[in-house]
1. Residue check: is Thr134 more than 10 Å from the ligand (Cβ to nearest atom) and more than 19 Å from Ile192 (Cβ to Cβ)?
2. Could you list, in sequence order, all residues of the range 92-112 that are within 8 Å of the ligand (Cβ to nearest atom) and either in a loop (DSSP other than H, G, I, E, B) or touching a residue at least 40 places away in the same chain (Cβ under 8 Å) (or both)?
3. Among the listed residues Val63, Val122, which satisfies the condition of being without any contact (Cβ under 8 Å) to a residue 12 or more places away in the chain, outside any loop (DSSP other than H, G, I, E, B) and within 15 Å of the ligand (Cβ to nearest atom)?
4. Taking the range 139-174, which residues are part of a helix (DSSP H, G or I), open to solvent by less than 70 Å² (accessible area, probe 1.4 Å) and out of contact with any strand residue (DSSP E or B) (no Cβ under 9 Å at 6 or more places or on another chain)?
5. Any residue in the range 78-91 that's in a helix (DSSP H, G or I): show its pairings with residues that are open to solvent by less than 40 Å² (accessible area, probe 1.4 Å) and basic (Lys, Arg) at Cβ separation under 8 Å, as long as the two are six or more apart or on different chains.
6. Does the range 191-230 hold any residues that are within 12 Å of the ligand (Cβ to nearest atom) and not β-branched (Val, Ile, Thr), and which are they?
7. Out of the residues in the range 178-209 meeting the condition of being in a loop (DSSP other than H, G, I, E, B) and farther than 22 Å from Glu121 by Cα, tell me which one is modelled with the highest pLDDT.
Amino acid sequence: MKLKLIHIFTSVPLLMAAETDEFQSKRLEMVETQIIERGISCEATIEAMSEVPRHRFVSGRQVRAAYQDRPLPIGHGQTISQPYIVALMTELIRPSSDDTVLEIGTGSGYQAAVLSPITREVYTVEIIDELARTASGVLEEVGYDNVKVKSGDGYYGWEEHAPFDAIVVTAAAPYIPPPLLEQLKPGGRMVIPVGGVFQTQRLMLVTRDEEGEVQSRNILPVRFVPFTRKE
Ligand code: SAH
């Protein structure tokens, strides 16, 4: 009986460690080759990307591919962004532990999970009900307690929790939705892909200075799934 107990206590943690390690080495390799070597230097971003289990935000065959250098399908014609793009968007908003952040386009929940440990609160809106539900479940399971998910049209932001220190939009809109600009604090940063489905989209960094003046900067050409609207 005694032996059996010892066996249970020693084998369970070992098995768990083995599984974590397998993904951990893939994850650290991803951070090294796809993120640091490509010029991301924000420490908070690097730390979060080293820790967040990306494989938990995909399912089925995609689990093995989770740390590859590409976007992956998450169902409903949507995708989880390429790791580098998630890192770049995170770095661009200059995340800080006091920030309240709004994300539009929860998708898998991965970008929200990356923001979770390095900001105070993350509010994220997803237009496809089922994705919102699944993401909310995974975020809760993995323990990202400061993330709140809402199902709805992110065009309108999330008024009750506004204004935000930073806004991350992960679907390409033809123009910047005015309600999102209104919900950005003075000193706030917003990152958003702008452009139509068949056009080259540009990743824009939009900032509002302390006087309320808005400026935007073109960062790089990108390809995102479209920002859609509820009929
Ligand atoms: N940030 C996600 C990427 C998801 S892809 C991740 O880390 O996995 C973009 C998502 O934006 C899709 O899930 C799509 O359904 C959603 N989306 C598109 N238009 C939207 C809108 N108007 N409001 C909220 N979500 C929207």
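The values are calculated or read from the model by the stated rules, or taken from the named source; none is laboratory data. As the structure is a computational prediction, the values presented were derived from the model and not from experiment. With ideal geometry, Cβ positions are generated from the backbone for all residues, glycine too; neighbour counts draw on all protein chains shown. For the accessible areas, the whole protein counts, side chains as well, though only heavy atoms, and no ligand, DNA or RNA atoms are used. Shrake-Rupley method; radii C 1.70, N 1.55, O 1.52, S 1.80 Å.
1. yes
2. Those that are within 8 Å of the ligand (Cβ to nearest atom) and either in a loop (DSSP other than H, G, I, E, B) or touching a residue at least 40 places away in the same chain (Cβ under 8 Å) (or both): Glu103, Ile104, Gly105, Thr106, Gly107, Ser108, Gly109, Tyr110, Gln111.
3. From the options Val63, Val122, the qualifying one is Val63.
4. Val142
5. Listed pairs, sorted by first residue: Pro83/Arg54.
6. Selection gives Pro193, Arg223, Phe224, Pro226, Phe227, Arg229, Lys230.
7. If we take residues in the range 178-209 being in a loop (DSSP other than H, G, I, E, B) and farther than 22 Å from Glu121 by Cα, then Gly195 is modelled with the highest pLDDT.
Residue by residue, here is whether (1) open to solvent by 20 Å² or more (accessible area, probe 1.4 Å); (2) within 23 Å of Pro83 (Cβ to Cβ) holds:
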position: Pro177; (1), (2): no, no
position: Leu184; (1), (2): no, no
position: Met190; (1), (2): no, yes
position: Gly195; (1), (2): no, yes
position: Glu211; (1), (2): yes, no
position: Pro221; (1), (2): yes, yes
